[in-house]
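*Asks:* I am attaching a structure below and will ask some questions about it afterwards.
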Amino acid sequence: MESEYVEISAKAISLEELVIPKAKDFLRTISQLNFVSLNKLLQRDENKVEIIVIDVEVELGQRRKNDIKKNERLAVEFHATDTQFPEVLALRKTFPYVPHLNIKDEEIPRSLCLYDQSYEIERITWTSAKFIERIRDWLALTAKGKLHQPDQPLEPYLHPTICDLILPFSKKDITIDANFLELDGYYEMEGKFYSIVLRKADPKKTKKELLFVATVVETNPLAHGVIRKNPNNIEELSELLSYGDYSFIESLRERIDSWQCEKKPILQSKLIIILRLPKVRELNGSIESYEYRAFYTEDSLKKVGENIGLWDIHEGKVGKLLAVDENKKGNNLKINPLNPVFKLSRDEAGSLSDLDSSITPKIVAVGLGAIGSQVFMNLSKMGYGEWTLIDEDKLLPHNLVRHSLTGPWIGRPKVEAMTFEANSLFQDELVSKCFPDNLSKIFQSDEQKLQACEIFSSSDLILDMTASVAASRFIAHEIDSDARRISIFVNPTGRDLVILSEGKERKQSLDSLEMQYYREIVSNNNLKEHLKLPKNHHRYANSCRDVSFVLSQDSVALHSAIASKYLKSVPKQDDSSASIWKTNLDDFTVSKIDIPIYEQRVFSIGEWTIVTDNYFIEKLEKAREAKLPNETGGVIVGSYDMERKRCYLVDSILSPEDSKEWPTVYIRGSRGLRQKLKSIEESTLGMLEYIGEWHSHPKGCSPAPSSDDRKAFLWLTEVMSTNGHPALMVIVGEIMAFYLGTM
Amino acid sequence: MSKLKFHNLGNADSCLVNTSGRTILIDYANTKEADNDDDKRVDLPKELDEFLEENDISSFDAVLFTHADNDHIKGFADYFYLEHADKYQSDERKKINELWVPAAVIVEKNLKDDAKILRAEARHRLKEGERILIFSKPDEIVKWMEDNDIDPKEREHLFVNAGDLVPSFSLSKDSFEVFVHSPFKATVDEKEIDRNDAAVCVQFTFNEGNEITKFIAGADITHPVWSDIVNTTKHFGNEHRLEWDIFKISHHCSYLSLSDEQGDGDVATEPVDEVEWLFEQGNDGCVLVSSSKEIPDNDDDKQPPHRQAAKFYKKVASKFEGDFIVTMENPKNNPQPTEITIDEDGATLKKRNYASASVISSRPAPRAG
């Protein structure tokens, strides 16, 4: 009777003759474990390979999805070099064709694909016992049909030399119509075999000989994969792919004939055949997925045509045959397997990044410095956002310390370089456009302005990453768009990240959020040092937002990561917010401070706009209430935007203790006032300062100024004019009145 | 997914059935000698406690004592919360929502130790009229109720007879049902009760993903009773009630559950016709479990397991390409509870080489000096 097992041609050896350490350990382990026993020992290639044939008992249910037997005989091949997994062969001749087998030159015995990690990684924790249990697990799970890992087939490890074929299109772009693809690329055939990287041939350069042409062949649906062994030449491939009336070799002849190769620079090109194999669960079932395989011919297309009977070569020239030579089937055209890898699509990038790809906001980013470039690249790599980048800077050598761009881009406009980088992520799926210019200059140029206005008005988010208060104010007020504005910057020491974000309905504008942020710095003890300048600060001008100081790339990366995560969350947040992320420099933890946001209040007085919020208004009203029937008052802290004639009323230092508070008279004292103002100016780097006075009127009174009030206002006007600021007085009666410049 | 766990207790029984969130224990015999490191029997209370803890279960839905022999009840009074006396009611004791016992447990006389305590508990629950299910209703028990001023009519719901389904669970509601094969009324009304023959024998039917798997728990039934069961079942056209995918072999692999003739030397016991038929009712890939000591290679010990009987069961297993498992040999030298999972693939006998850590953590470390 014929044996039910495959005989392995190798020399039988005794236990003592075993030399490979892993094999010896394996043998020792077998004797200690249950459900596995030794059948025999073999050796081949002069000790280089030792084979241990074992019988294993498999954990089986009563019903089985795949025909795995209770007892299976396996050959485990150990290599002296120990550079690859010991190969496990199922010796039963009727062992089923199941998922997770290695593709080999011969179909039987089947080779189990046991691991989804490289041997280098598995070796670290390798034990024979675990290996045996892995084999038994593989068999048990295969029997139950549960070994399958969705979508991702395990990489065949037996072909470490298998060459990757990197294609310039995604799976969805590939169709059977792609019978002729002109491809260019590069590869290395000698020495280490890396990969063939292809790009679509540039039609402008068609005179140059192309390295490759490719054709896509879709086979008929067969239940599970067709290719269980690698064909060695075109004829063998044709035998595998032909069925019924369909003959692969005939189809290939027709295709190549239709390409009119003699008229194109492709006769020296190698032919790549990409197979698209439809997978169905059962014959005549619907197609569930496709498997892709590829082969390339070692010979040129010229030789391919000759050897499949399309033409003859006379003195190096192609001479077409009148009739196809049916006898030439390409059995001398050697083909090699390739592992097709598709380009990364934007959707895939999103799902690999666990991104909700249904949200792709249109984003205009202004300022592509350290933080800006890294935030942009973080999000682009996930396929998040459709971007327009605005920045006039060119990449300078010192930028490399913290910028996402690298050396080759030095001297080029940053946004052009970044746009190029981002757009090369997903090949033809564009991520970004750019304006290599200053934001305000764009609005000065008629031509650019038109284009920019269109982009701004259709955008969802406008990001200010300029580290410039001026740009931030410009973005807040000079751009006509419903887009939310968000400012992202770091404090002078680079330790804290600040994000000011308008709400969906833009009830609080960016500048109002900015003022509320300053107010918090003054009042929150945890933020006392927030705007402190670094020790080694050598600058002639102070700015509360700056990146050109000592700041490490790792800090920028940390802040950029937080900012990216924040931006992804923005579409789901309706409210405005202002937050600070503080890094603890001792243990690198980050803590977040949420700044309370109050409703913005805006009033117009002549050419001026007064911007304040409910915090300020309620503070004054409460102070008046508390001192009734007496009057009270204090000084107003805030800021002027002289360019836009906006006056920000942010906070008040309430009545100093030496003030005189009577029912109809208030004289503001000054004890401690200078110190308090100094401290406010210092902690906000001068962003908040003294801007005016306020006092209350008695119960039932209007805020109309008395004659004393008018005198005081004149004094104020005179004092403030030395600063170039208008006088500001607020009178709180039953209602509140603001007097700015005039009374 | 349902799970069966047969504990390695030597010639003794305890099988845990965990199905659809229900926990049923068939017999409890804590046979392991405390402080004997060489005793390979499982520490049953510890094993059960760990199971309950891991699965966040506080009580057993049902505990079936197939009969009141020591190898099926040993130490139960130290483990369970018993309702008839305060001293069995400390917090760590495990509650039994429904106590399942054969009628013999109530009416037997001259008892001591665990059997006596079990009788007291069963009688208490019968008097209370709840949380008990009694298998068969012989005249004797009716008389006992009358003697104790209990109206038998008011207790009818506490009884189930051979040929009926246990009322507590149903295939439609719980995805499993329990069919009663024994005891017969007659076996209990005999003057001298033979406990083994008056024991409870049931068949479980599990529905997992619309696939049916059947388990027969064979208690310590002898071959004449098996013959009665087979004949009665056939008489009522209930043959499917004797189909099985998992069979808990009767009486620790004793030949007396197959035939009066043990068989000689290496030859398999030849079962009587009815029993032979019973073992033709298995399905492919079935599992036969012998809750017993290791199978000996001689006949020195008159007690089970008997190697000739084992040989017969092995033949049955191999015919169905299934497994014959001996609880104290699974695996040899280091037995662990035998686990069978039941899902849409039917029964799957767990065959794992236990990781060192799980073996080490399942028992105390050897004494160190």
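*Asks:* Of the numbered conditions (1) touching a residue at least 60 places away in the same chain (Cβ under 8 Å); (2) farther than 19 Å from B:K319 by Cβ; (3) surrounded by fewer than 22 Cβ atoms within 10 Å (Cβ to Cβ), B:S172 satisfies every one except a single condition; which is it?
*Replies:* Against the list (1) touching a residue at least 60 places away in the same chain (Cβ under 8 Å); (2) farther than 19 Å from B:K319 by Cβ; (3) surrounded by fewer than 22 Cβ atoms within 10 Å (Cβ to Cβ), B:S172 comes up short only on (1).
For every residue, the table says whether it meets (1) closer than 17 Å to B:R125 by Cβ; (2) touching a Lys or Arg at 6+ places or on another chain (Cβ under 6 Å).
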residue: B:L9; (1), (2): no, yes
residue: B:L25; (1), (2): yes, no
residue: B:D37; (1), (2): no, no
residue: B:H67; (1), (2): no, yes
residue: B:S90; (1), (2): no, no
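*Asks:* Residues in the stretch A:672-686 that are at pLDDT below 90 and part of a loop (DSSP other than H, G, I, E, B): how many?
*Replies:* 3
*Asks:* In the stretch B:260-288, what count of residues is obtained for those that are away from chain A (no Cβ under 14 Å), over 19 Å from B:N231 (Cα atoms) and open to solvent by 40 Å² or more (accessible area, probe 1.4 Å)?
*Replies:* 5
*Asks:* Give me the pairs: first residue in the stretch B:328-350 and under 13 Å from B:V289 (Cα atoms) and more than 9 Å from every other protein chain (Cβ to nearest Cβ), second residue at pLDDT below 95 and surrounded by fewer than 18 Cβ atoms within 10 Å (Cβ to Cβ), beta-carbon distance under 6 Å, and six or more apart or on different chains, which are they?
*Replies:* Close Cβ pairs satisfying both conditions: B:E339/B:K350.
*Asks:* Check A:G606, A:G638, A:G634 and return the single one that is crowded, with 17+ Cβ neighbours inside 10 Å and more than 18 Å from A:L510 (Cβ to Cβ).
*Replies:* Numbers: A:G606 fails: crowded, with 17+ Cβ neighbours inside 10 Å; A:G638 fails: more than 18 Å from A:L510 (Cβ to Cβ).
Going through A:G606, A:G638, A:G634 in turn, just one is crowded, with 17+ Cβ neighbours inside 10 Å and more than 18 Å from A:L510 (Cβ to Cβ): A:G634.
*Asks:* Another one. Pick from A:M382, A:M377, A:M418: which is in contact with a Cys (Cβ under 8 Å, 6 or more places away or on another chain) and under 21 Å from A:A557 (Cα atoms)?
*Replies:* Details: A:M382 fails: in contact with a Cys (Cβ under 8 Å, 6 or more places away or on another chain); A:M377 fails: in contact with a Cys (Cβ under 8 Å, 6 or more places away or on another chain).
After applying the criteria, what remains is A:M418.
*Asks:* Can you tell me which residues in the stretch A:1-48 are in a helix (DSSP H, G or I) and basic (K, R)?
*Replies:* Initially, the stretch A:1-48 is screened for residues in a helix (DSSP H, G or I), giving A:15-17, A:21-32.
Within the stretch A:1-48, A:K22, A:K24, A:R28 meet the criteria.
*Asks:* Now for a separate question. In the stretch A:480-522, what count of residues is obtained for those that are among the β-branched types (V, I, T) and assigned to a loop (DSSP other than H, G, I, E, B)?
*Replies:* Here is the first cut: in the stretch A:480-522, the ones among the β-branched types (V, I, T) are A:486, A:488, A:490, A:493, A:498-499, A:521-522.
Imposing the further condition that a residue be assigned to a loop (DSSP other than H, G, I, E, B) reduces the set to A:493.
Final tally of qualifying residues: 1.
*Asks:* Further question: Could you tell me which residue of the stretch B:301-324 is nearest to B:N8 (Cα to Cα), considering only residues that are within 12 Å of chain A (Cβ to nearest Cβ) and open to solvent by 10 Å² or more (accessible area, probe 1.4 Å)? Steps first, please.
*Replies:* As a first pass, look at the stretch B:301-324 and keep what is within 12 Å of chain A (Cβ to nearest Cβ): B:317-318, B:320-323.
Still in the running and open to solvent by 10 Å² or more (accessible area, probe 1.4 Å): B:318, B:320-321, B:323.
On the way: B:S318: 23, B:F320: 24, B:E321: 24, B:D323: 17 Å.
Restricting to residues being within 12 Å of chain A (Cβ to nearest Cβ) and open to solvent by 10 Å² or more (accessible area, probe 1.4 Å), the top hit is B:D323.
*Asks:* Further question on the same structure: Which residues, counting only those in the stretch B:331-351, are open to solvent by 30 Å² or more (accessible area, probe 1.4 Å), within 18 Å of B:C286 (Cα to Cα) and modelled with pLDDT under 95?
*Replies:* Of everything in the stretch B:331-351, those that are open to solvent by 30 Å² or more (accessible area, probe 1.4 Å), within 18 Å of B:C286 (Cα to Cα) and modelled with pLDDT under 95 turn out to be B:E344, B:K350.
*Asks:* Of all the residues that make up the stretch A:86-141, how many are buried (at least 16 other Cβ atoms within 10 Å of the Cβ), away from chain B (no Cβ under 14 Å) and among the small types (G, A, S)?
*Replies:* So the count comes out to 2.
*Asks:* Using the structure shown, decide if A:V341 is at negative phi, open to solvent by 40 Å² or more (accessible area, probe 1.4 Å), touching a helix residue (DSSP H, G or I) at 6+ places or on another chain (Cβ under 8 Å) and not charged (D, E, K, R).
*Replies:* On the way: at negative phi: yes; open to solvent by 40 Å² or more (accessible area, probe 1.4 Å): yes; touching a helix residue (DSSP H, G or I) at 6+ places or on another chain (Cβ under 8 Å): no; not charged (D, E, K, R): yes.
So A:V341 does not fit the description; no.
*Asks:* Also, I was wondering about something else. Residues that are modelled with pLDDT of 85 or more: which strands (runs of 3 or more DSSP E) entirely in the stretch A:49-167 hold 2 or more of them?
*Replies:* Output list reads A:49-57, A:71-79, A:87-90, A:110-112.
*Asks:* Quick check on A:T81: is it more than 29 Å from B:S318 (Cα to Cα), within 14 Å of another protein chain (Cβ to nearest Cβ), among the β-branched types (V, I, T) and surrounded by fewer than 21 Cβ atoms within 10 Å (Cβ to Cβ)?
*Replies:* Details: more than 29 Å from B:S318 (Cα to Cα): yes; within 14 Å of another protein chain (Cβ to nearest Cβ): no; among the β-branched types (V, I, T): yes; surrounded by fewer than 21 Cβ atoms within 10 Å (Cβ to Cβ): yes.
No.
*Asks:* Sticking with this structure for a sec: Whether any residue in the stretch A:328-336 is closer than 30 Å to A:P571 by Cβ and assigned to a loop (DSSP other than H, G, I, E, B) is what I want to check.
*Replies:* no
*Asks:* Here is a follow-up. If we only count helices (runs of 4 or more DSSP H) wholly inside the stretch A:368-474, which ones have 1 or more residues that are touching a Phe, Trp or Tyr at 6+ places or on another chain (Cβ under 8 Å) and open to solvent by 40 Å² or more (accessible area, probe 1.4 Å)?
*Replies:* Details: elements: A:370-381, A:414-423, A:439-444, A:446-457.
The helices (runs of 4 or more DSSP H) meeting that bar are A:439-444, A:446-457.
*Asks:* Can you name the residue in the stretch A:17-70 that is touching a strand residue (DSSP E or B) at 6+ places or on another chain (Cβ under 6 Å), more than 9 Å from chain B (Cβ to nearest Cβ) and within 20 Å of B:G285 (Cβ to Cβ) and is also surrounded by the most Cβ atoms within 10 Å (Cβ to Cβ) among such residues?
*Replies:* A:V56
*Asks:* From (1) in contact (Cβ under 8 Å) with a residue 24 or more places away in the chain; (2) within 14 Å of chain A (Cβ to nearest Cβ), pick out the condition that doesn't hold for B:R241.
*Replies:* Failing condition for B:R241: (2).
*Asks:* Checking B:N161 against (1) crowded, with 19+ Cβ neighbours inside 10 Å; (2) in contact with a Ser or Thr (Cβ under 7 Å, 6 or more places away or on another chain); (3) at pLDDT 90 or above, which single condition isn't satisfied?
*Replies:* (1)
*Asks:* Still on this structure, I have one more. Which condition does A:G669 not pass, out of (1) under 30 Å from A:N525 (Cβ atoms); (2) among the small types (G, A, S); (3) in a loop (DSSP other than H, G, I, E, B); (4) open to solvent by 40 Å² or more (accessible area, probe 1.4 Å), if it passes all the others?
*Replies:* The single condition A:G669 does not satisfy is (4).
*Asks:* Out of (1) among the polar types (S, T, N, Q); (2) within 51 Å of the chain's Cα centre (by Cα); (3) modelled with pLDDT of 95 or more, what's the single condition that is false for A:N39?
*Replies:* If we test A:N39 against (1) among the polar types (S, T, N, Q); (2) within 51 Å of the chain's Cα centre (by Cα); (3) modelled with pLDDT of 95 or more, just (2) comes out false.
*Asks:* For B:F60, indicate whether it is within 16 Å of the chain's Cα centre (by Cα), over 21 Å from B:A198 (Cα atoms) and in contact (Cβ under 8 Å) with a residue 24 or more places away in the chain.
*Replies:* So B:F60 passes the test.
*Asks:* How many residues are open to solvent by 70 Å² or more (accessible area, probe 1.4 Å) and either in contact with a His (Cβ under 9 Å, 6 or more places away or on another chain) or closer than 13 Å to B:V180 by Cβ (or both) if we restrict to the stretch B:224-249?
*Replies:* Total meeting the criteria: 1.
*Asks:* Being of a type in the set (G, A, S) and free of Cβ contacts under 8 Å to residues at least 24 places away in the same chain is the requirement here; does B:S90 meet it?
*Replies:* Numbers: of a type in the set (G, A, S): yes; free of Cβ contacts under 8 Å to residues at least 24 places away in the same chain: yes.
Taking the combined requirement at face value, the residue satisfies it.
*Asks:* For the stretch B:76-109, what are the residues that are open to solvent by 10 Å² or more (accessible area, probe 1.4 Å), of a type in the set (G, A, S) and under 26 Å from B:F51 (Cβ atoms)?
*Replies:* Within the stretch B:76-109, just B:S90 meets the criteria.
*Asks:* Further question: Can you tell me which residue is most open to solvent (accessible area, probe 1.4 Å) among those in the stretch A:304-334 that are out of contact with any strand residue (DSSP E or B) (no Cβ under 8 Å at 6 or more places or on another chain) and of a type in the set (K, R)? Even if it seems obvious, please write down each step before you answer.
*Replies:* The first filter runs over the stretch A:304-334 and keeps only residues out of contact with any strand residue (DSSP E or B) (no Cβ under 8 Å at 6 or more places or on another chain), leaving A:308-309, A:314-317, A:322-329.
Applying the additional criterion that residues be of a type in the set (K, R) yields A:317, A:328-329.
Values: A:K317: 144, A:K328: 62, A:K329: 91 Å².
Among those residues, the one meeting the criterion is A:K317.
*Asks:* List every residue pair whose Cβ atoms sit under 6 Å apart, with the two residues 6 or more apart in sequence or on different chains, where the first one lies in the stretch B:131-155 and is under 19 Å from B:A62 (Cα atoms) and among the polar types (S, T, N, Q) and the second, anywhere, is at pLDDT 95 or above and open to solvent by 30 Å² or more (accessible area, probe 1.4 Å).
*Replies:* none
The values are calculated or read from the model by the stated rules, or taken from the named source; none is laboratory data. This is a predicted model, so every value here is computed, not measured. Neighbour counts run over all protein chains shown; Cβ positions are idealised from the backbone, glycine included. All accessible areas refer to the heavy atoms of the entire protein, side chains included, with ligands and DNA or RNA removed. Shrake-Rupley method; radii C 1.70, N 1.55, O 1.52, S 1.80 Å.
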